[in-house]
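Comments concern the structure below.
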Amino acid sequence: MIRSTFSGFTMAQLALSASQRAIDVAGQNLSNVNTTGYTRQRLDLISINPVGASFSSSKFDNKVGQGVMMNGIIQIRDPYLDIQYRNQLAKVGTADATDQILEKIGNIFDETDSKGVRSAFNDIISQLRNIAQLSEAGEESSDALVRSACTVFLNAIHQNATSIDNVIRDVLDELQSSDIKNVNSCIQQILELNTTIKNTQLMGNPALELQDQRNQLLDDLATYLPIQVTYETEGTGSEAVDTLKVTFTDEDKNVHTLISDNKGAEFQLGTTGDGIPVSLKIKDIDSADPVSDIDVTNLMINGVLKGKMDMLNKSEVFDGTETKGIGYYSSMFDTFVNTFATVMNGLNATDNGATAHDLFSTSDGSATFTAANIKISDEWMNGTVTLTRTQETGAGGTENSSAYSNILKMIDELSNKEHDFVVFKGTMISGYDNIQNTQAIERKASSSILSNHLSVLYQIADSKDAVSGVNLDEEVMDMMRYQQSYNAASRLMTTLDQLLDKLINETGVVGR
Amino acid sequence: MRITTNMIRRNYQNNLGSAMSGLEQARRQVETGRRFGSSYEDPSAAARGTVLETRLARNADYTSTVKSIQKWQDTQEDTITQLSSMAKSIGEDYSTAAMNDPTGETGRSAYAQNLRALQKSMIITLNAKYGNAYVMAGSDALNAPFELSADGKVLYRGIDVDSSDPDDQAVLAELSRETAYVDLGYGLTFSGGEVVSSSAFDSAFPGINAVGYGQTEDGTSKNLIVLAGKMADLLDEDVFNTEEYGKLWTQFKEGSSEMSNQLTGIGTKSQLLESSLERLQNENLNIKEQYKGDVGIDEAEAIMNFSWAQYVYNASLKIGTSIFSASLLDFLK
């Protein structure tokens, strides 16, 4: 085969531009080392092979390649790791949401390092003990002292009740004005990116950076709910474009399509009168027209949305669910308050309970006491009702002004007697302690689950990084490598130039 | 595995974060002397802590109750001691022999006057108060329990202690059994609505138990004050009835020795209070020790932990500077 005179120049030129482009890619990688979600890019090079039959093909005709060709710039990404990563993100999402809410509950009921309901309760017993002594007979103030100890106790209770309400409101607010909006906006942004990526790819650009952005958004979406991401190829050959499909499978194994190419679903949070329970609905893209909303409130498997909604909606034994949500703690607290007030009112009633002298009443007229509605009865406040010190009359009609056996019974009921607190029986204060202890055990579990999930997440992130991350040393090495190859290509060109110089300018000078 | 720059950075950041939180926890332990700040860090120790806190609060209640009951009981003891010495002096100075006084009627009437004065001071002593409360009044500490009526009757809470009416006797018997239990941590229990007497401390001392009430079979009063009054009456009479006086005096001596028994009883109760106080103080120490074991931290260990955490943190920082300063770039010419 006869070699074209200038063919070597093209080879050198291809090598030069390949090296140049490779350095550009290294530069791009270096620049984006700190860009979140950036995937390392690589220049795909192939060697140009001479093809086709030559006119005088013979085994002595040694064919050589014609240089290097840039086949494109590609991303290095392992889709399997993406799936793992997103699944793990959803788990971390649930654990994190649960842990955060439990922390808030802990701030209310955990009196390890502070004084609150427990010390106020103990103070009531101390004040009752002061009455239960003959030496205190006739001290008008002792009734008022018990009452003010009760006032402090009720204040602590009301404060906790308000704090619970605030936690509920905060979580609800986060869900409504941040989480659901984020989820919907993620979906919208992905839809827009889908269109842009498709258009860009149609024009022959792989749109790598846009795909990074989209992957980042998919990761964000995965913290809220478990998603499955699939890619479908539309068209063939140079017109092939990838379209994205994101689905979400609920606990009943129903598959809801969240994103399919340029169509997207929408989430809606429904609240009832005072906020909870909340409901979550999807406007699925597959739904028939008119669009029907699918309720998935209790069908979430994982994710921040599940964590928050479960904590808001569920209260274990109180509603037969399996999660100890905020409702569990507030119901336990209400039970404690109700037991306390009922016992005290019961003991203060006279004539075997026939004549009530209520110390506590409800502010809303309800028959059951809750942490929010309990108050000191108006009668006790204005002195019409006082503590019933004894249920007995004096012997033979004598006065028994300083008898206090009933107070002793109150002390006994408050400090020693066992009461029924739905999930266990115990002394009055253990009804409160149980809330703190349950919270502590749940939070310990949730935080260790969180840290387990996080460490798995970090491992997957490491594996992802091992494939897709940028290593500065590697890029610097690439820079050196391509600099060398650039130099070599330049040398190739000057070598060829010298060869031709010899051929053209210095050959055939005989006779000149 | 391919190692990337961001992987190193992220892992370093996570580890540095945990080293820092370890340092923070160690610092907090040293500062607060507690092993944990929130119950979730150690749920079982926190649960034991709350139980101990409640027990400590209860212990403080019991201790202050014992102390105040001790003062109350002291007043009761003083009262009975005074009464007892009065009764003793009557027993010694007013024997039948002494009354066969050669000075005759005049001498006896002086004795009678003395006896009446003693009678009054016994009433005053029995109406002793602690704070606003009458200490010998049983369940009616608001009103003076004893009264010497104009016709010489002794009334305990409005009832004639010398009454022969069986109804009155029954009421008096009931009043003498009045109790005022205080919970001093003996395991207060109720049985059929009544306090089980061994489970609490009875702080009541109905005054009639000290000076007696009712009559003997032959109709002699058992009450010391009434007896003193009757003795005075006999002394005032023109003809001294030695036999009758002797009977009263013998009964008086008997009542007086009964009062001594009561005094001994009170003494025993005071000792019980004393030992209760000691027990409560020991318990207080035990609870505090247990609390420290469950919730507190050994200072030396805490400081050592802190130093170690600080060392780890410093080492992490040092490693950080070497991770990020060096890269291939540093070795290029």
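Rule-based calculations on the coordinates, nothing more; no lab input. None of the values given here were measured: they were computed from a predicted structure. Because the Cβ atoms are built from the backbone with ideal geometry, glycine has one as well, and the counts that use them run over all protein chains shown.
Rounded to the nearest 0.05, what FRET efficiency do A:Asn352 and A:Thr321 give with R0 = 51 Å and r taken as the Cβ-Cβ distance? Could you check? Before the final figure, lay out the partial values.
On the way: r = 41 Å, r/R0 = 0.80.
Given R0 = 51 Å and the Cβ-Cβ separation, E is 0.80.
Provide the per-residue ³J(HN,Hα) series for the range A:362-379, in order, calculated from phi with Karplus coefficients 6.51, -1.76, 1.60 and θ = phi - 60°, each as a whole number of Hz, with x at glycine and proline positions.
9, 6, 10, x, 6, 7, 9, 7, 10, 4, 7, 9, 5, 8, 6, 4, 4, 5
Which FRET efficiency, nearest 0.05, do A:Ser114 and B:Ser307 yield, Cβ-Cβ r, R0 30 Å?
Working: r = 29 Å, r/R0 = 0.96.
According to the calculation, E is roughly 0.55.
Using the charge dipole of the protein assembly as shown (Lys, Arg: +1 at Cβ; Asp, Glu: -1 at Cβ; taken about the Cα centre), state which of A:Ser19, A:Tyr231, A:Met311 has its Cα farthest towards the positive end.
After comparing all options, I get A:Ser19.
If I stretch the segment between B:Ser121 and B:Ala150 completely, what's the gain in nm (0.36 nm per residue apart, minus their alpha carbon distance), one decimal? Walk me through the numbers before you get to the answer.
Numbers: separation 29, 0.36 × 29 = 10.44 nm, distance 1.53 nm.
So the extension gain works out to 8.9 nm.
Quick one: if you stick a label point 7 Å off each Cα along the C-beta vector at B:Asp298 and B:Ser198, how many nm between them?
4.3 nm
Looking only at Cα atoms, what is the convex hull volume of the range B:81-262 per residue, in Å³? Intermediate values should be presented prior to the final figure.
On the way: hull volume 23.6 nm³, N = 182.
In the range B:81-262, the Cα convex hull volume per residue is 129 Å³.
Let me check the size of the range A:454-510 from its C-alpha atoms; what are the radius of gyration and Dmax in Å?
23.8, 82
Please give every one of the lysines within straight-line cross-link reach of A:Lys245, meaning a C-alpha to C-alpha distance under 19 Å, and leave out same-chain neighbours fewer than 8 residues apart.
Within the straight-line limit of under 19 Å, A:Lys245 reaches these lysines: A:Lys198, A:Lys253, A:Lys263, A:Lys283.
Need one number: nm distance between label points at B:Ser109 and A:Asp293, each 7 Å from Cα along Cα→Cβ, rounded to one decimal.
11.0 nm
Apply the membrane-span-like helix rule to chain A: whole DSSP H runs, Cα extent along the own long axis of at least 27 Å, mean Kyte-Doolittle hydropathy at least 0.0. List the helices found. Working shown, then result.
On the way: long enough: A:7-31 (36 Å, 0.28); A:79-109 (45 Å, -0.27); A:141-174 (48 Å, 0.17); A:180-202 (33 Å, -0.11); A:326-348 (33 Å, 0.42); A:428-468 (59 Å, -0.22); A:472-501 (43 Å, -0.51).
Answer set is A:7-31, A:141-174, A:326-348.
Using the Cα centre of the protein assembly as shown as the reference point, and only Cβ charges (+1 on K/R, -1 on D/E), how large is the resulting charge dipole? Debye, rounded to the nearest 20. Mind dumping the intermediate values first?
Values: 69 positive and 113 negative charges, 1087 e Å.
Dipole of the protein assembly as shown, to the nearest 20 debye: 5220 debye.
In debye, nearest 20, what is the charge dipole magnitude of the range B:1-95 about its Cα centre with +1 on Lys and Arg Cβ and -1 on Asp and Glu Cβ, if you could check? All intermediate terms of the calculation are to be shown ahead of the outcome.
Values: 13 positive and 11 negative charges, 261 e Å.
Using Cβ point charges on Lys, Arg, Asp and Glu, the range B:1-95 gives about 1260 debye.
Pull up the cross-link candidates among the aspartates and glutamates for B:Lys153, meaning alpha carbon to alpha carbon under 12 Å and not fewer than 8 places away within one chain.
B:Asp162
Which three extents, in angstrom, do the Cα atoms of chain B have along their principal axes, listed largest first?
In descending order, the Cα extents are 141, 41, 26 Å.
Counting only other chains, and only Cβ atoms inside 10 Å, what mean value do you get across the residues of A:459-471? Please report the intermediate quantities before stating the final value.
Details: counts 0, 0, 4, 9, 3, 2, 11, 5, 3, 3, 9, 4, 9.
Mean shielding by partner chains, rounded to a whole number: 5.
Only Lys, Arg, Asp and Glu count, each charged at its Cβ (+1, +1, -1, -1), so figure out the dipole size of the range B:81-262 about its Cα centre, rounded to 20 debye.
Working: 12 positive and 27 negative charges, 136 e Å.
Dipole magnitude for the range B:81-262 comes out near 660 debye.
Which of the lysines could be linked to A:Lys308 by a straight reach, that is with a Cα gap under 20 Å, when you skip same-chain ones fewer than 8 residues away?
Straight-line reach from A:Lys308, under 20 Å: A:Lys91, A:Lys104, A:Lys181, A:Lys281, A:Lys324, A:Lys444.
Counting C-alpha atoms alone, how compact is the protein assembly as shown: give Rg to one decimal and Dmax as a whole number, in angstrom.
Taking only Cα atoms of the protein assembly as shown, I get Rg and Dmax of 47.2, 193 Å.
When you look at the Cβ of every residue in A:408-419, what mean number of other chain Cβ atoms sits within 10 Å? Walk me through the numbers on the way to the answer.
Values: counts 8, 4, 0, 4, 7, 1, 0, 6, 6, 1, 0, 0.
Mean inter-chain Cβ contacts per residue within 10 Å come to 3.
Select from B:Thr4, B:Gly33, A:Ala367 the residue farthest towards the positive end of the dipole of the protein assembly as shown; place +1 on Cβ of Lys and Arg, -1 on Cβ of Asp and Glu, and compute about the Cα centre.
Result: B:Thr4.
On a 0 to 90 degree scale, rounded to 10, what angle separates helix B:242-294 from the longest Cα axis of chain B?
The helix B:242-294 is inclined about 0 degrees to chain B.
Sticking with the crude label model, points 7 Å out along Cα→Cβ, report the distance from B:Arg279 to A:Val422 in nm, one decimal please.
Distance between the two pseudo-spin positions: 3.9 nm.
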